[in-house]
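Report on one structure; see the data block that follows.
The values are calculated or read from the model by the stated rules, or taken from the named source; none is laboratory data. Here the structure is a predicted model, which is why all the values come from computation and not from measurement. Methodologically, a virtual Cβ is constructed for each residue, glycine included, from the backbone with ideal geometry; neighbour enumeration extends over all protein chains shown.
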Amino acid sequence: MEFITKSARETQKLGRKVAADLVKKTPTVIALTGNLGSGKTTFVQGFARGLGIKKKIISPTFILMRTYKAKKRKMLYHLDLYRLESNFKEEIENLGVKDIWKEKKNILVIEWAEKIKDILPEGTSWIKFEYLPDDQRKIIIE
Ligand SMILES: Nc1ncnc2c1ncn2[C@@H]1O[C@H](COP(=O)(O)OP(=O)(O)O)[C@@H](O)[C@H]1O
Ligand SMILES: [Mg+2]
C-alpha cells in the first residue's frame, strides 16, 4: 500500500494506525528504509503511540537501540543502523537482535534495515520512505 503524507503529524498518524494493525501479528520485525530526513523516526513516534507508549521517542542514532514498555506486556525495540559501517554483523549480534525477534511479545522496528537485510527473519514487514516536495513523504508499506 502506498501513502502520501503532507506533514510530520500525518506520518505519525499513519504510524499509529500501522501499530494498531501489527500488534496482532507476532513476532514482528518492521524494517524501515529511506534517506535521512525521510520520516522514519517520525513514523516510529506515531507507531509507539499506537502501542500505548507515552514516553517520547527520540532517535537512537548514537546508542543504536532503545527499549520501551508497551501495552499488553509487549516491548518495543527501536534500532537505528545509520551509523553502522564495518563489523556491523558482530555489533548487531551483540545486541541480541535474534533473541529479540524470537520472543513473541517483542516488536522490533529497525531504521536503515537494508543494511542487515540478509539476516532479518522471514515475515519481516518492509516500509519505504521517500522525500517529496513541500513536506510531503511517500510511504510504501509492503
Ligand atoms: N510528511 C512528513 N513526514 C515525516 N516527516 C516530515 C514530513 N514533513 C516534514 N517532515 C519533517 O522531516 C523530518 C523527518 O525526520 P526523521 O523522522 O528524523 O527522518 P529519518 O528518521 O528518516 O531520518 C522531521 O523534521 C519532520 O518534522
Ligand atoms: Mg531516524
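Tallying residues that are of a type in the set (Lys, Arg) and over 8 Å from the mean Cα position of the chain (by Cα) within segment 37-51 yields 1. Residues of segment 71-82 that are in contact (Cβ under 8 Å) with a residue 40 or more places away in the chain and more than 16 Å from ligand 1 (Cβ to nearest atom): LYS72, LYS74. For segment 58-70, the candidate set comprises residues that are β-branched (Val, Ile, Thr) and within 16 Å of ligand 1 (Cβ to nearest atom); within that set, the residue that is farthest from LEU95 (Cα to Cα) is ILE58. One residue stands out in segment 54-82 among those that are of a type in the set (Phe, Trp, Tyr) and assigned to a loop (DSSP other than H, G, I, E, B): the one that is farthest from GLY34 (Cα to Cα), namely PHE62. Here is a check on your reading of the model: is ILE140 within 16 Å of the chain's Cα centre (by Cα), at pLDDT 90 or above, surrounded by fewer than 16 Cβ atoms within 10 Å (Cβ to Cβ) and away from ligand 2 (no atom under 13 Å from the Cβ)? Judged against the criteria, ILE140 is a match.
Restricting segment 12-36 to residues that are near ligand 1 (Cβ under 8 Å from one of its atoms) and within 16 Å of GLU142 (Cα to Cα) leaves a set whose member that is nearest to the chain's Cα centre (by Cα) is LEU32. Of all residues in segment 27-47, those that are modelled with pLDDT of 95 or more have Cβ atoms under 7 Å from Cβ atoms of residues that are among the acidic types (Asp, Glu), 6 or more apart or on another chain, in LEU32/GLU111; THR33/GLU114; GLY34/GLU130; SER38/GLU130; LYS40/GLU111; THR41/GLU111. Kindly establish whether THR33 is surrounded by fewer than 22 Cβ atoms within 10 Å (Cβ to Cβ) and within 12 Å of ligand 2 (Cβ to nearest atom). Against the criterion (surrounded by fewer than 22 Cβ atoms within 10 Å (Cβ to Cβ) and within 12 Å of ligand 2 (Cβ to nearest atom)), THR33 qualifies. Residue count for segment 83-114 under the criterion of being assigned to a loop (DSSP other than H, G, I, E, B), more than 16 Å from ligand 1 (Cβ to nearest atom), within 17 Å of the chain's Cα centre (by Cα) and without any contact (Cβ under 8 Å) to a residue 60 or more places away in the chain: the result is 2.
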